[in-house]
Amino acid sequence: MHELAIAESVLETITARTGDRQVTEVRLEVGKLAGVSTDSLRFCFELAAAGTALEGAGLNIDEPPGRARCASCTEEFLLHDRILLCACGSSAVEVLAGDELRIISVEVSR
Ligand SMILES: [Zn+2]
């Protein structure tokens, strides 16, 4: 239940700042390489939010694609999985984006 732990940590992080104020919307960024099922995360978020100031809050999830750069040929390319291999045959590949997991914004009712 990896996603439940993430949902709970997101909830805790938000309520630590917003307290009892009713949260209406949460926007997260979950990169394609973060290894998180967004469907499962939505489900867990709803579950964890029940009975808190985030109950019923809308959840928007941006899913930026993975991007990487090869240190051998300097080529930049899209990564669809965590297999770090460039078309040139090198595995000296650096992940530039796609493994982020963060809260972008939160809306609270006034
Ligand atoms: Zn390369």
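Taken together, the values in this text are just the output of simple stated rules run on the coordinates, not laboratory data. The structure displayed is predicted, hence computed values, not measured ones. Positions of Cβ are generated from backbone atoms using ideal geometry, with glycine treated the same way; all protein chains shown enter the neighbour counts.
A few points about this structure:
- From phi via Karplus (6.51, -1.76, 1.60), per-residue ³J(HN,Hα) for the range 47-62 in Hz, x at Gly/Pro: 4, 6, 7, 4, x, 10, 5, 9, 4, x, 5, x, 10, 9, 10, 8
- Karplus (6.51, -1.76, 1.60) ³J(HN,Hα), θ = phi - 60°, over the range 101-110, in Hz, Gly and Pro reported as x: 8, 8, 8, 8, 7, 9, 10, 10, 7, 8
- The stretch between GLN22 and GLU46, if pulled fully straight at 0.36 nm per residue, gains 7.2 nm over its current Cα-Cα span.
- Among the trypsin sites (Lys or Arg not before Pro) in the range 59-91, none is located in a DSSP loop while being surrounded by at most 10 other Cβ atoms within 10 Å of its own Cβ.
- Karplus-derived 3J(HN,Hα), 6.51/-1.76/1.60, for each residue of the range 10-21, Hz, glycine and proline x: 5, 4, 5, 4, 5, 5, 5, 9, 9, x, 8, 5
- Charge dipole of the chain about the Cα centre (unit charges at C-beta), most positive-ward option of HIS80, LEU96, THR24: LEU96
- Sorted peptide list for 98-104, 5-11, 18-24, criterion being average Cβ within 10 angstrom, highest first: 5-11, 98-104, 18-24
- q = 0.16 Å⁻¹, the chain: log10 I(q)/I(0) [Debye, one scatterer per Cα]: -0.72
- GLY98 long-range amide H proximity, modeled H, under 5 Å: ARG67
- Sum of -39500 (n - 2.57) over DSSP H runs of 4+, divided by residues of the chain (222 nm, nearest 500): -8500 deg cm²/dmol
- Per DSSP, loop GluC sites (Glu not before Pro) in the range 13-97 with at most 12 further Cβ within 10 Å: GLU55
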